[in-house]
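To start, the structure under review is shown below, and the notes come after it.
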Amino acid sequence: MINVSTQSWDEVPSITLITDDHSQPILADSVDRSACHIISAQEAESFGVLPFRWDNGALCVAAFQPLTEATQNALKRFGQVRVFQTSHVDLALAQWDVYGSASQGRPRFGEIAVRSHRLKPATLKNALELQHRNGGVLGDLLVSLKAMTHWNVAEVLSEQTGIPSINLLEAGEEINANPRLSEAWGHLTQAEWRKYDMIPVWQTPDEIVVAVTNPFDGQGRAVLSAKSHKRVSAVITGRRDITTQLAEHYRDHDLKMSLTNLLDKNPDDSATTTVTRQQILVFCLLLALLIGVGIWRTNVSLAVVSSILVSAYAILVGHRLWIIHKGTQANHELSFTDEEVQQLTDDQLPVYTILIPARDEASVLPVLTAALQRLDYPKDRLDVKLLLEEDDVTTIAAARQANLPNFIEIVVVPVAEPRTKPKACNFGLQRARGEFVTIYDAEDLPEPTQLKKALLAFLHGSESLGCVQAKLSYFNAEQNLLTRWFTAEYAAWFDLLLPALHAAKMPIPLGGTSNHFRTTVLKELGSWDPYNVTEDADLGIRLHKAGYRTAVMNSTTYEEANSDFVNWVRQRSRWIKGYLQTWLVHMRHPRQLRKQLGRRGFWGFQLAILGTPLMFLLNPVYWFITSLWFMTHWGLIPQLFPPGIYYLGMLNLLVGNFTFTYLNAVGVAKRGDWNLVPYALLTPIYWAMMSLASWKALVQLITKPSHWEKTQHGLVDWTKIQANIHLGQQDAS
Amino acid sequence: MIHTSSQSSDLKNSLITSSPATQPEPHRRFQITEAGWLLLITMTVYAASCVYLVYGLHYYAGDAQSRVANAYYVLFSRMPHLGAIGFVWNPLPSMLELPIVALHPWFPAVVARGLAGSVVSIVLGIVAVYHLHRIIRGMSINKYLRIVLTLCFALNPLIVLYGANGMSDIMWVACLLGTYSGVLDYLKTNSLRRLVMGGLWLAAGLGMRYEAVPFGAFVILALILAQWGKVSIAKMRGSAIILGAPIVFGGGVWIYFNWTIMKDPLYFLNSSYGNLAQTATGAYMTPAMAHAYHHIIGTLLYVGRFGLFYWPLYFAFFIALWYCFGKRRDARAMVLVAGTLGAELLEIVFAYQGHLGEWDRYFLEFIPNGILLTALATEKLLGTRIRSKVISAIVGIGLTAIFISGTVGTVHAVQNPVLGSPDGSVLDHAFHRQSMFYNNGDPYFGTTPLVRYINTHPKLTILADTFTDWSIIVRAHHLNQFIIPSDYNFSSVLHNPRGRVDAILVPQPSGVAQLNAINRAWPGLWQGRVPWLHLIKSFPGVDNWKLYQVLPTAP
């Protein structure tokens, strides 16, 4: 709204922009130079105006004559505008002071950077070509190319605009300790401060001074001025200065959010308490009933329990059969061709946040850097957060010395229980700038086009598409038999099971990494549950409960398969424990869950989340009973299997085992890993290992429900992997 | 730069407007497709033939009835259990018949007239036609010739007979064609799903017939060779494993059950009821078989003669063979040639060893294989060379004549007593509308007085071997009055019958009836040389059954 439309020109208040108290004319104190730069010199000259400050939510603009309709329309983009009249000479002198002479103007950013030896001419030329091709802001591009630092950019901008700069890395403590700024901080949320790349640095009763990275974008100041009802002026600083200050200021808040966000939003979905009192009561009642009936009619009760379990197992086998059918029937994943990816022009791409939690993984950093550099995404729009634990000093030191690209921000996660990956991710998410967010493990090698494919998936998909899961596979599949089995299992999981679940509109338990989200959706859901040790699977269920869909896309992230048996058991037991934990959490209110997931989704949840661990828990029991029968022909055993159930059990044992073996073989073949097909046939041995891990998980679920069994990475030769990345190869084997 | 959602929407719009997915779908009208018509015709013909054969001619295929009987014992014997399905014959036909046999209390004809078997053979006959049509559709043959070829198969008199009579042969042919279909589709389109389907059909084939084993081995070999030099060794090996794994698993399960239940992993092969034991009695050693016995040329001539079931096979086979080698190598030719040889390999071995029965149905695969090879040969020879419509029409008429002559040739072939045993007689009866009631080929021939006697004595518990006595047992009103081999205590009762069974039913120990468990356990029993038995009644006829009372002096 512009005030001149409602008042005559004579009633418009006056302003003097130039004062000549000194030997030569200078801008008056009432003029905020940073406000002047929200329009270009050409616009100021052609419109005959000069924006000179933000005050009480309005942009104050000086003019020497009533604004034309065209000018009014042009200024509408700044929201409320308050016009002040001044003389033509005053305006021209002020414009000259701010923008330079009409003929020459002020030097351009690149010219200043080259002239001040902060940038080489050839680099500037390359950057300008890149900007012409891909869009983006020149300063950000130069930083992403490591041609300049954030602070260099700030200095050049300061020189270009005449706006003073401030080094917050030096003045940071003073700012954070300033109690008068607490009111200013409170006017905007953390997300808003981050969005506008801005923090408050000074406050008086009438004015707030903010530090910004981009003086040409006045949106943040407009919002702040409107909310604070104060005058807002700006100084320039570097982005790293801003992020450091924000990190420092919001450290406790972020930590609290990373621990309690979900708990506050929806306590019933949080695994803070794994088993509720009601659930304990129900389990106790069932156990008492079982013991009671067992004492009364031992054989009958055992037969009933056995029948229920055998029937459940048969349903799971049937489910897997259906998956083979569905998974091989058609392509249910979202497939994008290279041509479609190339159609996305880089200047259209939004900022993409990548969260990379890492602990004790200093050795992986070179691979991580190489993998991220390989991503086909403009680096100035990558917002990578390397999430390191505060007490992991080795990795923090290594990261700081690793000369990481500028688009990677080291985020130090404060020490607090639980020490889980989701907590670190939540912490990082609070600082995410991207419209979309994904998560990678430190050793991940995503396919270069993955971010663009995910973006295409969101663009093609409906608004209900909350998450896109990339497939996971292993780059060290050929390392040993265990890695081959692991790869075969993943192939079946990501190539058959997940696409089939998507096609059947059933909830998808997400994989540990490479799940891409709309940031708003992720935050709306309360992000990851820090107390759940398979936060990925849990999040997949919560997405479905909230009415969002998850799709699988044709892009793969290569990870390091666990090649060590003990390490593998540790990792697998955590996954299985997490599934059981997730099941217990969501089954607190079965009827409500049934309503939220729908009938199909509810049963899909039972089959995937409970069924998977249940099968591995039951396998050794039935293998033992079968072996015992052959060895002893003990008379009790036939009584456990009433006639129909006996056949079902036999089907489970034979058809079930074959089905899952075949599923693995077909899965690896579908992925094109034909060399793994023979090994997939040996997977029954793998299941024995799974059962071992399952029982460990069950015990740990009772004793240490939120304990995170850290998987040790780096059991491969990373130098070889890194070399292969540079050669553009995906398979390091 | 931070993009707002509106910018994303613009980008979305620009991308989505070019997407074909947003084009409105054309209005679809319900139409019966070409395959639909063919299957409809097939179903009608097979179902009508079934009714005609069963109710018009009183024709019952003995083995088909016996398989239905096995399913009957599973559900309705004194001790119902799946093991009663038997461990000699492949179990899948009886398993598929189980749900239909379950209707026995309401529709006794599903067992007494073997309709359960007929329903399964009709369904799988339709499946066979579907697969054959699908395979030919994948070849570059014009629609008219494709339809003619499919009908030549579907309406071939032997195929119609087996599509209607409940025998496992048409079920096996359906599996054979399903395997071809999956493998050929995979080789053409690289569709993993089709390869999996091929593997599952092959495994199902083993559930129907043991011929699936050599057939599968040859097809797997052909799959490897067809991909040789075109794909990686890993892919050749992997695809072979995916195709072969289900049948290997199926075989393993079968051996496992034979081992755990019958205490002999190769019981299906070594059983006293098995083919080897039956042929060892000499009951099937015809003069023609004698020429093949231990004589390679004689064996090949014997088996090769059955190619007359679809005579164009002889030419088509060699044309396809030509396309198995060198630069002209065609994967389809390799698979079909290998499959044709593999499907007959077991017969060749058995004929050589003298273990082959004299039945023409063992060579039923020559018909679908002949038609597929003919289709391939037609495509190879004609291709797109003929451009003139007139010449094309003339060639088309000529080919039609050849195709049809193959089917008509089947009728002539089965007139030959060697090639048409026993179906030449069945077709004769069918074509001349002569009832087969009270015919020697009728498995129920001469059983009526015995069944009537048993039905009038419902409290009489009888020990009987279903191997020879099934035709009586399935028509008796009370199955529970029989103690049969699938009962857990059969063997015990057989050796210690006193007080546990009232009577023993036994056929004359000649031919395969020598293998009857009672005749084997108590030689001379039928002749009355066992002192603790008293003859209740003799039932003269083909099998000359005798019913003996068990005396208190019995062991």
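The values are calculated or read from the model by the stated rules, or taken from the named source; none is laboratory data. Model, not experiment: these values are computed from the prediction. Cβ atoms come from the backbone with ideal geometry, glycine included; neighbour counts cover every protein chain shown.
So is B:F317 away from chain A (no Cβ under 14 Å) and either among the charged types (D, E, K, R) or under 21 Å from the mean Cα position of the chain (by Cα) (or both) or not? Break it down stepwise before answering.
On the way: away from chain A (no Cβ under 14 Å): yes; either among the charged types (D, E, K, R) or under 21 Å from the mean Cα position of the chain (by Cα) (or both): no.
It is false that B:F317 is away from chain A (no Cβ under 14 Å) and either among the charged types (D, E, K, R) or under 21 Å from the mean Cα position of the chain (by Cα) (or both).
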Note to self: Would you confirm whether or not the stretch A:631-652 contains a residue that is within 43 Å of the chain's Cα centre (by Cα) and in contact (Cβ under 8 Å) with a residue 60 or more places away in the chain?
What the structure shows: yes
Checklist line | Complete set of residues in the stretch A:550-565 that are assigned to a strand (DSSP E or B) and of a type in the set (F, W, Y) | finding: A:Y558
Check: Can we say B:M197 is buried (at least 19 other Cβ atoms within 10 Å of the Cβ), more than 8 Å from chain A (Cβ to nearest Cβ) and under 16 Å from the mean Cα position of the chain (by Cα)?
Finding: no
Next item on the list: Determine which single condition A:A688 fails, assuming it passes every other condition in (1) surrounded by fewer than 17 Cβ atoms within 10 Å (Cβ to Cβ); (2) in contact with a helix residue (DSSP H, G or I) (Cβ under 8 Å, 6 or more places away or on another chain); (3) at pLDDT below 85.
Entry: (3)
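Taking the conditions exactly as written (of a type in the set (K, R) and away from chain A (no Cβ under 14 Å)), does B:R305 satisfy them or not?
yes
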Note to self: If the requirement is being closer than 30 Å to B:L382 by Cα and of a type outside the set (F, W, Y), which of these qualifies: B:L300, B:L269, B:L308, B:L276?
What the structure shows: B:L308
Margin query: Can you pull out every residue in the stretch A:476-521 that is among the small types (G, A, S) and assigned to a loop (DSSP other than H, G, I, E, B)?
Written below: A:A477, A:A504, A:G511, A:G512, A:S514
Checklist line | Which listed residue, of A:T626, A:T659, is within 14 Å of chain B (Cβ to nearest Cβ), out of contact with any Ser or Thr (no Cβ under 7 Å at 6 or more places or on another chain), over 22 Å from A:R572 (Cβ atoms) and in a helix (DSSP H, G or I) | finding: A:T626
Note to self: Just checking, does the stretch A:515-529 include any residue being more than 17 Å from the chain's Cα centre (by Cα) and in the same structural domain as A:L593 (by TED's automatic domain parsing)?
What the structure shows: no
Notebook entry, point to check: Hey, any hits in the stretch B:380-391 for a residue that's touching a helix residue (DSSP H, G or I) at 6+ places or on another chain (Cβ under 8 Å) and surrounded by 21 or more Cβ atoms within 10 Å (Cβ to Cβ)?
Noted result: no
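Is it the case, given these coordinates, that A:Q581 is part of a helix (DSSP H, G or I), buried (at least 21 other Cβ atoms within 10 Å of the Cβ), in contact (Cβ under 8 Å) with a residue 40 or more places away in the chain and among the polar types (S, T, N, Q)? First the steps, then the outcome.
Working: part of a helix (DSSP H, G or I): yes; buried (at least 21 other Cβ atoms within 10 Å of the Cβ): yes; in contact (Cβ under 8 Å) with a residue 40 or more places away in the chain: yes; among the polar types (S, T, N, Q): yes.
In short, yes.
What about B:T374, is it in the same structural domain as B:Y180 (by TED's automatic domain parsing) and either at pLDDT below 95 or surrounded by fewer than 21 Cβ atoms within 10 Å (Cβ to Cβ) (or both)? Give the steps one after another, and end with the answer.
Numbers: in the same structural domain as B:Y180 (by TED's automatic domain parsing): yes; either at pLDDT below 95 or surrounded by fewer than 21 Cβ atoms within 10 Å (Cβ to Cβ) (or both): no.
Taking the combined requirement at face value, the residue does not satisfy it.
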Notebook entry, point to check: Only one residue in B:G229, B:G250, B:G244 is at positive phi and either in contact (Cβ under 8 Å) with a residue 24 or more places away in the chain or away from chain A (no Cβ under 14 Å) (or both), so which one is that?
Noted result: B:G229
Checklist line | Subset of the stretch B:320-343 [crowded, with 17+ Cβ neighbours inside 10 Å, out of contact with any Phe, Trp or Tyr (no Cβ under 8 Å at 6 or more places or on another chain) and within 28 Å of B:H412 (Cα to Cα)] | finding: B:A320
Item checked: Unmet criterion (only one of (1) aliphatic (A, V, I, L, M); (2) away from chain B (no Cβ under 14 Å); (3) buried (at least 21 other Cβ atoms within 10 Å of the Cβ)) for A:A398 -> (3)
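I'm checking my understanding of the structure. Among residues of the stretch A:680-710 that are part of a helix (DSSP H, G or I) and of a type in the set (S, T, N, Q), which one is nearest to the other protein chains (Cβ to nearest Cβ)? I'd like the intermediate steps shown before the answer.
Step one: filter the stretch A:680-710 for residues part of a helix (DSSP H, G or I), giving A:680, A:683-703.
Restricting the remaining residues to those that are of a type in the set (S, T, N, Q) gives A:683, A:691, A:694, A:700, A:703.
On the way: A:T683: 12, A:S691: 21, A:S694: 25, A:Q700: 35, A:T703: 40 Å.
That would be A:T683.
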Note to self: Suppose the filter is assigned by TED's automatic domain parsing to the domain that holds A:I541, surrounded by fewer than 20 Cβ atoms within 10 Å (Cβ to Cβ), touching a Pro at 6+ places or on another chain (Cβ under 7 Å) and part of a helix (DSSP H, G or I); does A:N675 pass it?
What the structure shows: no
Next item on the list: Hey, can you tell me all the residues within the stretch B:70-86 that are touching a Ser or Thr at 6+ places or on another chain (Cβ under 7 Å) and away from chain A (no Cβ under 13 Å)?
Entry: B:N70, B:A71, B:Y73
Next item on the list: Output the number of the condition that A:P643 fails; it satisfies all remaining conditions of (1) at pLDDT 85 or above; (2) surrounded by fewer than 18 Cβ atoms within 10 Å (Cβ to Cβ); (3) within 14 Å of chain B (Cβ to nearest Cβ).
Entry: (1)
Note to self: Given the criterion surrounded by fewer than 16 Cβ atoms within 10 Å (Cβ to Cβ), more than 14 Å from every other protein chain (Cβ to nearest Cβ) and either under 17 Å from A:Q450 (Cα atoms) or touching a Gly at 6+ places or on another chain (Cβ under 8 Å) (or both), identify the matching residue among A:D391, A:D338.
What the structure shows: A:D338
Notebook entry, point to check: Across the stretch A:670-679, what is the number of residues that are at pLDDT 90 or above and either within 7 Å of chain B (Cβ to nearest Cβ) or closer than 14 Å to B:F249 by Cα (or both)?
Noted result: 4
Notebook entry, point to check: Within the bounds of the stretch A:413-422, is there any residue that is within 14 Å of chain B (Cβ to nearest Cβ), over 13 Å from the mean Cα position of the chain (by Cα) and at pLDDT 90 or above?
Noted result: no
Next item on the list: Would you mind telling me which numbered condition in (1) under 26 Å from A:V412 (Cβ atoms); (2) part of a helix (DSSP H, G or I) A:V282 fails?
Entry: (1)
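Which of the residues belonging to the stretch A:584-607 are touching a Leu at 6+ places or on another chain (Cβ under 7 Å) and either closer than 21 Å to A:L701 by Cα or not in a helix (DSSP H, G or I) (or both)?
Scanning the stretch A:584-607 gives A:H586, A:M587, A:F605, A:L607.
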